[in-house]
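The values are calculated or read from the model by the stated rules, or taken from the named source; none is laboratory data. All values derive from a computational prediction rather than experimental measurement. Glycine gets a Cβ as well: all are built from the backbone with ideal geometry, and neighbour counts include every protein chain shown. Protein only, heavy atoms only, side chains kept; ligands, DNA and RNA dropped before computing areas. Shrake-Rupley method; radii C 1.70, N 1.55, O 1.52, S 1.80 Å.
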Amino acid sequence: MPGKLKAKIVAGRHLPVMDRASDLTDAFVEVKFGNTTFKTDVYPKCLNPQWNSEWFKFEVDDEDLQDEPLQITVLDHDTYSANDAIGKVYIDIDPLLCSEAASVISGWFPIYDTIHGIRGEINVLVKVDLFNDLNRFRQSSCGVKFFCTTSIPLCYRAAMVHGFVEELVVNEDPEYQWIDRIRTPRASNEARQRLISLMSGELQRKIGLKVLEMGGNAVVGYLQCFDLEGESGIVVRAIGTACTLDKLSAGANANAYTHPNTAPASNACNSPSKDSKEPVFSEDPPTALGPLTPLRVLPSSSPPPFSSSKPCSRQSSSSDTDLSLTPKMGMGSGGSVGKEAGPLKMLLRQQTQTALEQREFPFFTLTCFPPGFLVHVGGVVSARSVKLLDRIHNPDEPETRDAWWEEIRQEIKSHAKALGCHAVVGYSESTSICEEVCILSAAGTAAILNPRYMREGCLDIGSGDHRFDEPSPPSCGFCHIPYDELNMPFPAQLTYCYQCRRQKVPDVLFTTIDLPTEAAVSGKGCLIQARLCRLKKKAQGEVNATSISNLLPFMEYELHTQLMNKLKLRSMNALFGLRIQISIGENMLLGLASATGVYLSALPTPGGIQIAGKASGDLSNEQHVLSIQKRINDAMAKNKEMYHINPPKLFALDPEVFHGINMELSEEAAGSPIPEPKQRSRLFRSQSESSDELSELDLSHGKKDAFVLEIDDTDAVEDIHSLLTDAPPPAGFYSCNTEVMPGVYNWTSGLQMFTSVRVLRLSNANLTNQSLNKIFTDMCENLLKSLYFKLRSMIPCCLCHVNFTVAVPEDELIQVAVTAVAMSFDKEPILEKLGDRAVFKGAGENEDQLQFPMELCAESASVAISNLTAKFTVSSSERCSPLPEGRSRSLRSTRSSGGGGGGTAVTVVKMTPLSFLPGTRLIKYLGIINMFFIRETTSLREEGGVSGFLHTFIAEVFAMVRAHVAALGGNAVVSYSMKECVFMENPNKNQAQCLINVSGDAVVFVRDTDQEATPTLIHTSCGGTDGPT
Amino acid sequence: MAVELDVFVGNTTIMDEEVYQLWLDGYTVNDAVKVRMVSEGMEEYEASAEVVMSDTMDQYRTFQMCERLLHNPTKLANQLLFQIPPHRQAMLIERYYTFDDVFVREVLGKKLSKGTKKDLDDVSSKTGITLKSCRRQFDNFKRVFKVVEELKGPLVENIRQNFILSDKLARDYAAIVFFANNRFETGKRKLQYLTFQDFAFCAGQLIKNWTVGAVGESVFLYVLDNMVEDMDVDLDKEFLQDLKELKILITDKDLLDQHKSLVCTALRGKTKVYTEMETNFKNLSRGLVNIAAKLTNTKDVRDFFIDLVEKFIEPCRSDRWASADMRLYLTHYTNSAHLLDTFKYQVVWDRYMGVIKSCIFKMYHD
């Protein structure tokens, strides 16, 4: 009996009228966990009942505690007929199972019904008493912490990163069971919600077990997804990165107020300057575990000799179907490398090598790393596979699905190897399902990692590393190629690094990770999207799967070309956070690639884009070519200015080359009719640079590498069209899909997270690829324009973590959903900003210093000191007391009693897809939020049509997330994401249904300016700064 | 190709004050878009009609979803569906309950019934305010009326607490409720020149001085003990009964003459319209005292304002009294009564004339 779950139903408010005669409700509550159910008394004739029930106690296994949610059902008592359900609340107990997270759940929860939405609120108290011997039970994994955040959580330190964990569970979908035909939609929806809640609990427990086996205590970058496979069932799968995390002590915490991303990483002037000292990790105080010395980057000497026979593009990808290909297995670790031989640095490399090769999949779902973790980045690796779904016969053995993913992961691993890399970072997996066809996709960034985090006892030999200081300054090290330059996996132009001049770098770099904090960037970044639609014939089964898998490589190629062109048009040379989504519908495929373009100072200046006409000297055609060329050149010049791209001239051989690029191009445009007299018969793409050009590896990137687009090619017309129709964001706006915009640092606390969904109905039956492309592109562009317009009051502002998802819900429908956060920043000149920062930093240091004198001389009593004393006692009690929740529990109970009394203050809960909140310190992670809701209506018109229906539903989902976070004692959700938004409608029947899955990390934050380290009701204090006015 | 669905939901609910006003004013989405397109600052964002349309639709939807909560403003503060900063909540409520003076003039003193609501399209075409906005304003009056009708305690305070309105707006609503409850006639042609603010001021005076709740602290407690309802909404019956005693001022010939001579002595040489005052004294005094004496009849209460205008304001105006003359006259008229030895109803007289004086001051436009 390892755990006792206790629940108390306090009160309800704003209940709906269930009895038309009296305009009142006779409400009571059923509390269910597992197979045990308790009931409260009926509170007659009241819309604001005060049940104040006893504590309902459930004695359960901790395994069940992990799997099952607490189910609270509010009903209306009816003497003569069946009791009517008002609605339900599902409470995930998991945060209570971890001593460091929440200790009590207490607060107002919206009562949710899948047909009527939110119907009033209920105040609930939940506690768990765990017995100490829980670790003996192998089936549970209580205490393993889960984080959606794809970086090391802010108040923790990574003692070790163990690596990839994955798991999936399958089940039959209640919606597709025969019984669905006779039961009500409500019962069916609830069965589904319950099942998925149960499945994700089970999945999390199983992943936790794997983490414990690996010796870790946490999963970072936890990514859980649902595949609704229709008749073949539901698959819930998750991946993550197992870590051993140490909680930073409260004192260190105060130091770590700056998120890596908010600190200016040696910006613009490519100086790896002292003032940009890395906050979180380098300032670790000595802990019991021993000091963590500053990390050094390994020198990248000769890369391992890889002989890759398989040619693959920079963005290595492949597609296959299970019809045509046998799984490519057996690509695992090669023979073991001699560990003891060689100089120490070889040894280190080999140790990494082995450490990683011992793992089946050296994958990391992290996108943001401790400084020094990432040594080199090779490029994006991706794999897709088209599968035919079949019925899952035995839910207990989900081997088919496991095998499919295994295959894909092997492929990713081999791609990474081909790039000379032993690891894949920023790894993610996704699916797209249409009828019985499913595309499985995986993508990541091939990389070489510092072995330190990978090995046991790695912290001891830290001092030895000092020998390998430099030669590559850390700010450009990750750009250096990991592969052998004589034996390159794909054709690329290499140059010496523009920053250190020692190592080779590629001309462009694509990655799925966030911009490393140490990277030197010129100017600002911007969101770059490639969009593509491809029609396909309607087909069934294998034929369908084959035609899809035939289309995939072309789509990837097209998307890649678009990305490359758009990157060049913005005079940038690297993409971060690249995410390519390919979605299938019955008669079309949609492709959407999003990334954040930046100008990396270490990489060469990108060349221009040249337009070439047809060979014949048709005058009007030439005019046309000229005008397009001019527009492109103008756009490039404008972009350079807009994104403040002023590449440092320090390492340029010929400054004029840098200066002259725009000039030359415009001269060419004005002068000679065709820039290159050479007849180029075809369109040159990034990958298709002819191989003999490879020998010309020099630093003088002139106009030679300019892209040539020939406009006779219909594809090229399309490319040019899409290049020039992308409207830049209006003045005062920036956008990116990474954690934060490179080049913007002085964030204010004003932020607005939002979700926007659009569905477009294609009316015309005979659409061409081209017109479809235009429609899709316009749709995305218009959506962005709408966002800019809506958020105009926040200017100057940056849309961060812009996450687009596309879907083809029905034959002629295209759905685009965006979740992002708009953050406003101060527009100040950089110099002033630095001054401010210095002052601020000084203040922070003072604060820290004050803590020590305080212990010694308590008599120096001033208001400020007394504030600090309060803080100090809090932190010390947290540090010393074996049961840190003791204090917070008392805090919480006072709060909840206030809430129970019908208090009016509602905790403001901030939400953001980022891992941090500007201007604040995260002081506690309360646990993962992972919620799944279904909403259905049979009165679509009455609810304001599809828009009204979805608007309400999304607002309700936000409200439920906020309520759960507030009940855990938190005041924000970080790393929030909407993973699934499946919308189906049947306007003729006046019906619609929507499924939404959201996740994130519940946290407690305090403002940098606040002294007190306790969660407070910030109803009035921060309301003013929240959101635009 | 058509946009089938288009929504934007922020964690903090975004509400544009300009669009909110358009919505409150009853503009359709299309009309609102037209207005917004020509308003300032739109070129800056290169906002196309499409973008503005999408934004307007979203906002309208949000407002519609919020409307339910605005009907019960106390709920807005502790509901969970919309995260709205408190100062924005206050703005939403205040604007929702703000009404057009032109509109309220049309329904002031009318019964807030279905019948009146049916006539709103006439009001709409007469005032140029959209029917939708008229209905909202009318429903607001009715809602506030219904809620405070059943509550005990001071009227303004009740309105302010139940609807979280500013003091000014709460007072205006108190006036509307007071007028609707007593059914004061305000629609007659002779009263057309008066604004809502004139009436609101008068209502304030009446509530403050002539209702049960007005009679000091001791009476207030006594009222609470006896659970007398509507203490601020109904006029003090006892007081109205006492007003009958004032008739002596006009029925007793001596008293009337004495009063006149006192007033005339005080006024002589201080005003240009002295002769007119002297000639009209008995007439005017009779008018005011008769109004007082008749107030026990509900019908005459309704005609209170029209009586004031007919019996006092109009005669004075036809004699071209200036406002200052009016003040002077009423002050002396009131004060002189205290000097009358045989006049014993000083308290009632002061309570009556205090209100009459300030009402006439307000209603007498130059």
When A:V1003 is evaluated against the numbered criteria (1) over 26 Å from A:Y222 (Cβ atoms); (2) modelled with pLDDT of 55 or more, which criterion, by number, is the only one it fails?
(1)
Please state which one of A:N803, A:N782, A:N737 is assigned to a loop (DSSP other than H, G, I, E, B) and either away from chain B (no Cβ under 14 Å) or surrounded by fewer than 21 Cβ atoms within 10 Å (Cβ to Cβ) (or both).
A:N737
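Inspect region A:78-88 for any residue being in contact with a Lys or Arg (Cβ under 7 Å, 6 or more places away or on another chain) and surrounded by 19 or more Cβ atoms within 10 Å (Cβ to Cβ) and give the result as yes or no. Don't jump to the end; show me each part of the working.
First, the residues of region A:78-88 that are in contact with a Lys or Arg (Cβ under 7 Å, 6 or more places away or on another chain): A:86-87.
Cutting the leftovers down to surrounded by 19 or more Cβ atoms within 10 Å (Cβ to Cβ) gives us A:86-87.
Yes: one or more hits.
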How many residues are more than 20 Å from A:G444 (Cβ to Cβ) and either in contact with a Leu (Cβ under 8 Å, 6 or more places away or on another chain) or modelled with pLDDT of 90 or more (or both) when one looks only at region A:500-521?
5
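How many residues does region A:183-217 contain that are free of Cβ contacts under 8 Å to residues at least 12 places away in the same chain and within 24 Å of A:F933 (Cβ to Cβ)? Let's see the steps before the verdict.
Applying the first criterion (free of Cβ contacts under 8 Å to residues at least 12 places away in the same chain) to region A:183-217 yields A:183-184, A:187, A:213.
Narrowing further to those that are within 24 Å of A:F933 (Cβ to Cβ): A:183-184, A:187.
Summing the residues that are free of Cβ contacts under 8 Å to residues at least 12 places away in the same chain and within 24 Å of A:F933 (Cβ to Cβ) in region A:183-217 gives 3.
Specify which of the listed residues (A:I111, A:I118, A:I86, A:I122) is within 14 Å of chain B (Cβ to nearest Cβ), of a type in the set (A, V, I, L, M) and more than 31 Å from the chain's Cα centre (by Cα). Write out each step before concluding.
Working: A:I111 fails: more than 31 Å from the chain's Cα centre (by Cα); A:I118 fails: more than 31 Å from the chain's Cα centre (by Cα); A:I86 fails: within 14 Å of chain B (Cβ to nearest Cβ).
Exactly one residue qualifies, and that residue is A:I122.
For region A:934-951, which residues satisfy the criterion of being in contact with a Phe, Trp or Tyr (Cβ under 7 Å, 6 or more places away or on another chain), outside any loop (DSSP other than H, G, I, E, B) and not hydroxyl-bearing (S, T, Y)? Show your work before the answer.
Keep residues of region A:934-951 that are in contact with a Phe, Trp or Tyr (Cβ under 7 Å, 6 or more places away or on another chain), which gives A:935, A:937, A:940, A:943, A:950.
Restricting the remaining residues to those that are outside any loop (DSSP other than H, G, I, E, B) gives A:935, A:937, A:950.
Within region A:934-951, A:R935, A:L950 qualify.
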Among the residues that make up region B:83-90, is at least one of them open to solvent by 20 Å² or more (accessible area, probe 1.4 Å), under 30 Å from A:A963 (Cβ atoms), of a type in the set (A, V, I, L, M) and more than 9 Å from every other protein chain (Cβ to nearest Cβ)?
yes
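Within the bounds of region A:620-629, is there any residue that is under 29 Å from A:G378 (Cβ atoms), among the polar types (S, T, N, Q) and either out of contact with any helix residue (DSSP H, G or I) (no Cβ under 6 Å at 6 or more places or on another chain) or surrounded by fewer than 24 Cβ atoms within 10 Å (Cβ to Cβ) (or both)? Step through it out loud before you land on a result.
The initial filter retains those residues of region A:620-629 that are under 29 Å from A:G378 (Cβ atoms), namely none.
Looking for residues that are under 29 Å from A:G378 (Cβ atoms), among the polar types (S, T, N, Q) and either out of contact with any helix residue (DSSP H, G or I) (no Cβ under 6 Å at 6 or more places or on another chain) or surrounded by fewer than 24 Cβ atoms within 10 Å (Cβ to Cβ) (or both), one finds none in region A:620-629, hence no.
A:L922: hydrophobic (A, V, I, L, M, F, W, C), away from every other protein chain (no Cβ under 14 Å) and over 19 Å from A:V821 (Cβ atoms), yes or no? Don't jump to the end; show me each part of the working.
On the way: hydrophobic (A, V, I, L, M, F, W, C): yes; away from every other protein chain (no Cβ under 14 Å): yes; over 19 Å from A:V821 (Cβ atoms): no.
No; evaluated as a whole, the condition is false for this residue.
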Condition first: within 9 Å of chain B (Cβ to nearest Cβ) and either open to solvent by 20 Å² or more (accessible area, probe 1.4 Å) or of a type in the set (A, V, I, L, M, F, W, C) (or both). Now tell me which residues in region A:903-919 satisfy that.
A:G903, A:T904, A:A905, A:V906, A:V908, A:V909, A:M911
Please note which strands (runs of 3 or more DSSP E) are completely contained in region A:29-111 and include at least 1 residues that are under 17 Å from A:M199 (Cα atoms).
A:69-76, A:84-92
What are the residues in region A:968-996 that are open to solvent by less than 10 Å² (accessible area, probe 1.4 Å) and farther than 26 Å from A:Y222 by Cβ, if any?
A:A992
Identify, please: which residue in region B:30-56 is open to solvent by 30 Å² or more (accessible area, probe 1.4 Å) and modelled with pLDDT of 90 or more and is, among those, nearest to A:S977 (Cα to Cα)?
B:M53
Matching entry among B:V148, B:V144, B:V123, B:V107 (being free of Cβ contacts under 8 Å to residues at least 24 places away in the same chain and crowded, with 19+ Cβ neighbours inside 10 Å)
B:V123
Of all residues in region A:759-779 being within 9 Å of chain B (Cβ to nearest Cβ) and open to solvent by less than 20 Å² (accessible area, probe 1.4 Å), which is nearest to B:A49 (Cα to Cα)?
A:M779
I'm trying to understand the selection: among the residues of region A:903-933, which are within 22 Å of A:L799 (Cβ to Cβ) and part of a loop (DSSP other than H, G, I, E, B)?
A:V908, A:V909, A:T912, A:P913, A:L914, A:S915, A:F916, A:L917, A:P918, A:G919
Qualifying residues in region A:962-1003 (those that are away from every other protein chain (no Cβ under 14 Å) and among the charged types (D, E, K, R)) - the one farthest from A:Q193 (Cα to Cα):
A:K989
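Could you say which residue among A:G12, A:G34 is on the phi < 0 side of the Ramachandran plot and open to solvent by less than 60 Å² (accessible area, probe 1.4 Å)? Talk me through it step by step, then tell me what you get.
Working: A:G34 fails: on the phi < 0 side of the Ramachandran plot.
Among A:G12, A:G34, only A:G12 is on the phi < 0 side of the Ramachandran plot and open to solvent by less than 60 Å² (accessible area, probe 1.4 Å).
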Would a scan of region B:283-294 turn up a residue that is within 27 Å of B:A174 (Cβ to Cβ), open to solvent by 80 Å² or more (accessible area, probe 1.4 Å) and over 28 Å from the mean Cα position of the chain (by Cα)?
no
Tally, over region A:51-75, of residues that are buried (at least 16 other Cβ atoms within 10 Å of the Cβ) and either hydroxyl-bearing (S, T, Y) or more than 18 Å from A:V128 (Cβ to Cβ) (or both)
5
For region A:937-961, how many residues meet the condition of being of a type outside the set (V, I, T), within 9 Å of chain B (Cβ to nearest Cβ) and in contact with a Pro (Cβ under 9 Å, 6 or more places away or on another chain)?
4
For region B:64-82, enumerate the residues that are facing another protein chain (nearest Cβ under 9 Å) and under 23 Å from B:V7 (Cβ atoms).
B:Q64, B:M65, B:Q79, B:L80, B:L81, B:F82
Quick check: anything in region A:742-753 more than 12 Å from chain B (Cβ to nearest Cβ), of a type in the set (A, V, I, L, M, F, W, C), open to solvent by less than 10 Å² (accessible area, probe 1.4 Å) and not in a helix (DSSP H, G or I)?
yes
